[in-house]
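Please read the structure below before turning to the comments.
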């Protein structure tokens, strides 16, 4: 199995409105997010790639246009936009573009990750 990953970054705010009063994540706050998409294939394409990294431009465009410097609760119309939620949402976007997508990881900090891998 061949696997590749590519990392993307964006900054955005969110608020976990359903958290108990006093929980720091219940307050409006922001993160510098990192997103890693993982793609895998048993076979390489005719150019020797799982997927050419340049073909991932639609993901960069989606992140830049829809997520970067936005309030994620407003973007998704959702009160609990967690890293887990983002990982699955971005995975679904990627899977719709590249069948080789096998996982997406989202980080809010350099020490924490959420991953969606069906």
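No value in this document is a laboratory result; all are computed from the given coordinates. Source: prediction; values computed, not measured. Methodologically, a virtual Cβ is constructed for each residue, glycine included, from the backbone with ideal geometry; neighbour enumeration extends over all protein chains shown.
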Legend entry - Paired Rg and Dmax values of the chain, which use every Cα atom, in angstrom: 15.4, 56
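Which FRET efficiency value, to the nearest 0.05, is calculated for residue 4 and residue 111 with the Förster distance at 25 angstrom and r the Cβ-Cβ distance?
Values: r = 24 Å, r/R0 = 0.97.
With a Förster radius of 25 Å, E is 0.55.
Tell me the mean residue ellipticity at 222 nm calculated for the chain from its helices only (DSSP H runs of n ≥ 4, each -39500 (n - 2.57), averaged over every residue, nearest 500).
Computed ellipticity for the chain at 222 nm equals -6000 deg cm²/dmol.
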Legend entry - Fluctuation leader among 84, 42, 92 - the chain, Gaussian network, Cα springs under 10 angstrom: 42
Legend entry - Inter-probe distance in nm under a simple model that places probes 7 Å from Cα toward Cβ, at residue 19 and residue 97: 3.0 nm
Legend entry - In nm, spacing of pseudo-spin labels at residue 52 and residue 78 (7 Å Cα→C-beta vector): 3.3 nm
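With only alpha-carbon atoms in the gyration tensor, what are the semi-axes of the equivalent ellipsoid for segment 24-68, in Å, largest first?
Numbers: eigenvalues 212, 33, 7 Å².
One finds semi-axes of 33, 13, 6 Å for segment 24-68.
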Inset, instruction - Pairs of Cα atoms under 8 Å, at least six residues apart: use those to get the relative contact order of segment 2-116, whole percent. - result: 32 percent
